[in-house]
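Here's the structure we're looking at; comments come further down.
The values are calculated or read from the model by the stated rules, or taken from the named source; none is laboratory data. These numbers come from a predicted model, not from an experiment. A quick note on method: Cβ atoms are made from the backbone with ideal geometry, for glycine too, and the neighbour counts reach across all protein chains shown.
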Number of protein chains: 2
Amino acid sequence: MHSKPVALDAMGGDYAPSALVVGACRAVRDGIPVVLVGDEAKLRPLIPSGMDLPIVHASESVGMDESPASAVRTKKDASIRVALREVAEERASSVVSCGNTGAVMAASLMELGRIDGVERPAVVTTVPRTDGGQVVILDLGANVDCKSSHLGQFGVMGQVFAHHVLGLENPRVGLLSNGEEEGKGNEQVRATLPLLERMPINFIGPIEPTHALHGGCEVLVCDGFVGNVMLKSVEATIEIAGKLLKEEIRRRPSAKFGAWLLTGAFKRYRKRTSANAIGGAYLVGVNGTVVVGHGRSDSRAVYAAISTAHTAVSEQLTSHIGTAVSTALAQTEQEDPS
Amino acid sequence: MHSKPVALDAMGGDYAPSALVVGACRAVRDGIPVVLVGDEAKLRPLIPSGMDLPIVHASESVGMDESPASAVRTKKDASIRVALREVAEERASSVVSCGNTGAVMAASLMELGRIDGVERPAVVTTVPRTDGGQVVILDLGANVDCKSSHLGQFGVMGQVFAHHVLGLENPRVGLLSNGEEEGKGNEQVRATLPLLERMPINFIGPIEPTHALHGGCEVLVCDGFVGNVMLKSVEATIEIAGKLLKEEIRRRPSAKFGAWLLTGAFKRYRKRTSANAIGGAYLVGVNGTVVVGHGRSDSRAVYAAISTAHTAVSEQLTSHIGTAVSTALAQTEQEDPS
């Protein structure tokens, strides 16, 4: 049992603050305690009367177009920083933000700090594979320029995440590459391979996106630039596939009738593939539970992200990750001859 | 009118040589002259009697698992090199290969050479957008580690390609990034932006994959590592989307009947999204017409790649690209104050 609320950065995201308040209300109705963090004057009128949804006032916010690091550094009273302080000072269990990922990352480093031994926290989420499984991908945008040592640590954090979140005993870890044959990969891939081989993980080598999405591994390691491009390409292609199919269906009346019979199937398909259903990504490697929602999150996605954070706290995910990562990294350092 | 045949590297690709010969036969029946290049003893028995499909013998071939550069350098009689010499010595109009892209690139540099002023040739193809348009993407894997100057040239070659292949007057060129706001992008993106701004092209700045695939630009510039990951992610996601939808359809009998009415629509959808229908990618920046097919190409994809090469030759695409690129690059050098 935990009774501390999820702190929601109510000022972050394309549809802030209204979609965030609506998502928070749904969570409260479902029995998940939430505290809104943001401009009280803007938030108060959005809360239905009688709803148990407290506000922690924050006088500033970080825009999607600001340089995240400097905005967060100068704005000590930004909603994301205030929300994270609620966790650091143990008044809240976790933070959910749909704001700028870079800003969430920078603020988390300032307010929560890194897990011992972790060089760079990473953003991680799972993506469905064709075989019905899931693949954990990290980093998804927190670190656009990575050293090999960062990627090596992502392998360890990804393995721990797959174990604790997906319940896998011995998840296979692959390094994203443009090919799996000898000589493929860019300079970074070639420099990182020997490092990942030394880590105490089930590392299977370089892997192509096609192979990974078809079930070739449970954890996919990449830098945040490539990972972000891959995730956004997957999301956009799902939309393109739906649109092209709709166009073909509309060409003939019999097909239109067929499509009507398929309404339920299409709806379930959309639910399974919608970015809004995923419920956000975790920031792993910081001392606290932080869930980053999509900037375009609607109230349903906000609700999903709050549920994700709530579940992670119930399962003590951050503490499991912290312990496992520290152990794995210490072990690697001992083994490391250099 | 041109009567020179397309030289097909009959030993390259996962289904070589049989799928390649079948694809070549279909092209010959359609009036496109083809010459097979490869091991005569293996190829001769595959050719139906009476079919006008000559063979140029090549005693070696490059495997998918060899280091492309060194394999191509040492194997002077590799099928890809012999095929390219048919073009260099003006006995063939163009080359089609479904072999290792790196090997095709390395061999093309040796046998055909680069267009004057081009630092690095690039692999380019078009991908469908949600708005019904197409986006030209380059590089797709020939250059996994790029300098900013290479990316700048890709912008020029991409613009020329979009103009001559898609018939667009003033195609918008974007630089692939993880975000479009100030401060987003990795080091390479930030270093390349000022360079692309100086090029004589319609450069619109950094662009996210989602925005590009939804119609934000006609030309998308990226390094070969990221481009390859993006293309493979798009291809894999199209398969995933189809598979998930099929699963949902199979859940209910009424949906199954609906799906039966949609058979034609699904078929047309698959045709529009199949990698086999695309017909290969061009290698731009070399002195000759070279089409690179997918390693997994079946006979239909081989036929499509041969048609692509044949059409490119009819339209003198390589010479148009050569002239336009040389002019653009010369213009940029004159303008360049450094």
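Here are some residues: A:I32, A:I55. Which one is touching a residue at least 60 places away in the same chain (Cβ under 8 Å) and of a type in the set (A, V, I, L, M)? Quick ask: steps written out before the conclusion?
On the way: A:I55 fails: touching a residue at least 60 places away in the same chain (Cβ under 8 Å).
It is A:I32.
Out of all the residues in region A:43-63, which are buried (at least 16 other Cβ atoms within 10 Å of the Cβ) and either of a type in the set (A, V, I, L, M, F, W, C) or modelled with pLDDT of 95 or more (or both)?
Within region A:43-63, the first condition is being buried (at least 16 other Cβ atoms within 10 Å of the Cβ), and the residues that meet it are A:43, A:46-47, A:53, A:55-56, A:58, A:60-62.
Of everything in region A:43-63, those that are buried (at least 16 other Cβ atoms within 10 Å of the Cβ) and either of a type in the set (A, V, I, L, M, F, W, C) or modelled with pLDDT of 95 or more (or both) turn out to be A:L43, A:L46, A:I47, A:L53, A:I55, A:V56, A:A58, A:V62.
Within region B:81-94, is even one residue in contact with a strand residue (DSSP E or B) (Cβ under 6 Å, 6 or more places away or on another chain), within 14 Å of another protein chain (Cβ to nearest Cβ), part of a helix (DSSP H, G or I) and modelled with pLDDT of 90 or more?
No, region B:81-94 has no match at all.
Would region A:65-72 turn up any residue that is more than 25 Å from A:P33 (Cα to Cα), acidic (D, E) and either more than 14 Å from chain B (Cβ to nearest Cβ) or free of Cβ contacts under 8 Å to residues at least 12 places away in the same chain (or both)? Steps first, please.
Of all residues in region A:65-72, those more than 25 Å from A:P33 (Cα to Cα) come to A:65-72.
Now narrow it down to the ones that are acidic (D, E): A:65-66.
After this cut, where a residue has to be either more than 14 Å from chain B (Cβ to nearest Cβ) or free of Cβ contacts under 8 Å to residues at least 12 places away in the same chain (or both) as well, the list is A:65.
Within region A:65-72, one or more residues are more than 25 Å from A:P33 (Cα to Cα), acidic (D, E) and either more than 14 Å from chain B (Cβ to nearest Cβ) or free of Cβ contacts under 8 Å to residues at least 12 places away in the same chain (or both).
Do any strands (runs of 3 or more DSSP E) lying entirely in region B:1-67 carry at least 1 residues that are more than 25 Å from the chain's Cα centre (by Cα), and which ones are they? Break it down into steps so the answer makes sense when it comes.
On the way: elements: B:6-9, B:34-38, B:55-57.
The strands (runs of 3 or more DSSP E) meeting that bar are B:55-57.
Restricting attention to region B:100-121, and to residues there that are in contact with a strand residue (DSSP E or B) (Cβ under 6 Å, 6 or more places away or on another chain) and within 14 Å of chain A (Cβ to nearest Cβ), which single residue is farthest from B:I207 (Cα to Cα)?
B:V104
Can you confirm whether region A:187-205 contains a residue that is among the basic types (K, R) and either touching a strand residue (DSSP E or B) at 6+ places or on another chain (Cβ under 7 Å) or under 21 Å from B:I240 (Cα atoms) (or both)?
Step one: of region A:187-205, the residues among the basic types (K, R) are A:190, A:198.
Now drop any that are not either touching a strand residue (DSSP E or B) at 6+ places or on another chain (Cβ under 7 Å) or under 21 Å from B:I240 (Cα atoms) (or both), which leaves none.
So far as region A:187-205 goes, no, none of its residues is among the basic types (K, R) and either touching a strand residue (DSSP E or B) at 6+ places or on another chain (Cβ under 7 Å) or under 21 Å from B:I240 (Cα atoms) (or both).
Read through the list (1) of a type in the set (K, R); (2) at pLDDT 95 or above; (3) closer than 28 Å to A:A212 by Cβ, then give the number of the only condition that B:R172 fails.
The one condition B:R172 does not meet is (3).
Of everything in region B:82-105, what is farther than 13 Å from B:H57 by Cβ, of a type outside the set (G, A, S) and touching a helix residue (DSSP H, G or I) at 6+ places or on another chain (Cβ under 7 Å)? Give them in sequence order. Talk me through it step by step, then tell me what you get.
From region B:82-105, those farther than 13 Å from B:H57 by Cβ are B:84, B:87-105; that's our starting set.
Subset that is of a type outside the set (G, A, S): B:84, B:87, B:89-91, B:95-96, B:98, B:100-101, B:104-105.
Selection gives B:L84, B:V95, B:V96, B:C98, B:N100, B:V104.
I'd like the full set of residues that are among the hydrophobic types (A, V, I, L, M, F, W, C) and outside any helix (DSSP H, G or I), limited to region A:95-108. Steps first, answer last, please.
Step one: of region A:95-108, the residues among the hydrophobic types (A, V, I, L, M, F, W, C) are A:95-96, A:98, A:103-107.
Within region A:95-108, A:V95, A:V96, A:C98 meet the criteria.
Looking only at residues in region A:163-178 that are part of a loop (DSSP other than H, G, I, E, B) and surrounded by 24 or more Cβ atoms within 10 Å (Cβ to Cβ), which one is farthest from the other protein chains (Cβ to nearest Cβ)?
Filtering region A:163-178 for residues part of a loop (DSSP other than H, G, I, E, B) gives A:166-171, A:177-178.
Subset that is surrounded by 24 or more Cβ atoms within 10 Å (Cβ to Cβ): A:177-178.
On the way: A:S177: 8, A:N178: 4 Å.
By that ranking, first place goes to A:S177.
Scan region A:46-65 for residues that are under 24 Å from A:A24 (Cβ atoms) and among the charged types (D, E, K, R) and jot them down.
Residues of region A:46-65 that are under 24 Å from A:A24 (Cβ atoms), as a first pass: A:46-64.
If the condition is that a residue be under 24 Å from A:A24 (Cβ atoms) and among the charged types (D, E, K, R), then A:D52, A:E60 are the ones that fit.
So which residues in region B:109-162 are part of a helix (DSSP H, G or I) and under 15 Å from B:G280 (Cα atoms), if there are any at all?
Hit for region B:109-162 is B:F161, nothing else.
One residue is enough: does region B:196-206 have a residue meeting the conditions within 14 Å of chain A (Cβ to nearest Cβ) and touching a Pro at 6+ places or on another chain (Cβ under 9 Å)?
To start, the set of residues in region B:196-206 that are within 14 Å of chain A (Cβ to nearest Cβ) comprises B:205-206.
From what's left, touching a Pro at 6+ places or on another chain (Cβ under 9 Å): none.
The answer is no, given that none of the residues of region B:196-206 is within 14 Å of chain A (Cβ to nearest Cβ) and touching a Pro at 6+ places or on another chain (Cβ under 9 Å).
When you look at A:K76, is it surrounded by fewer than 24 Cβ atoms within 10 Å (Cβ to Cβ), without any contact (Cβ under 8 Å) to a residue 40 or more places away in the chain and of a type outside the set (A, V, I, L, M, F, W, C), yes or no? Talk me through it step by step, then tell me what you get.
Working: surrounded by fewer than 24 Cβ atoms within 10 Å (Cβ to Cβ): yes; without any contact (Cβ under 8 Å) to a residue 40 or more places away in the chain: yes; of a type outside the set (A, V, I, L, M, F, W, C): yes.
Criteria met by A:K76.
Taking the stated definitions as given, is B:A83 small (G, A, S), crowded, with 24+ Cβ neighbours inside 10 Å and either within 22 Å of B:A301 (Cβ to Cβ) or not assigned by TED's automatic domain parsing to the domain that holds B:A142 (or both)? Talk me through it step by step, then tell me what you get.
Numbers: small (G, A, S): yes; crowded, with 24+ Cβ neighbours inside 10 Å: yes; either within 22 Å of B:A301 (Cβ to Cβ) or not assigned by TED's automatic domain parsing to the domain that holds B:A142 (or both): yes.
Yes; evaluated as a whole, the condition is true for this residue.
From B:E218, B:E248, grab the single residue that is within 7 Å of chain A (Cβ to nearest Cβ) and of a type outside the set (S, T, N, Q).
On the way: B:E218 fails: within 7 Å of chain A (Cβ to nearest Cβ).
Criteria check complete, one pass: B:E248.
Here are B:A103, B:A92: which of them is over 29 Å from A:N178 (Cα atoms), in contact (Cβ under 8 Å) with a residue 40 or more places away in the chain and surrounded by 24 or more Cβ atoms within 10 Å (Cβ to Cβ)?
Details: B:A103 fails: over 29 Å from A:N178 (Cα atoms).
Exactly one of B:A103, B:A92 is over 29 Å from A:N178 (Cα atoms), in contact (Cβ under 8 Å) with a residue 40 or more places away in the chain and surrounded by 24 or more Cβ atoms within 10 Å (Cβ to Cβ), namely B:A92.
Against the definition (more than 15 Å from B:G216 (Cβ to Cβ) and either small (G, A, S) or facing another protein chain (nearest Cβ under 9 Å) (or both)), how does B:V189 come out, yes or no? Full working, then the answer.
Values: more than 15 Å from B:G216 (Cβ to Cβ): yes; either small (G, A, S) or facing another protein chain (nearest Cβ under 9 Å) (or both): yes.
Yes, satisfied.
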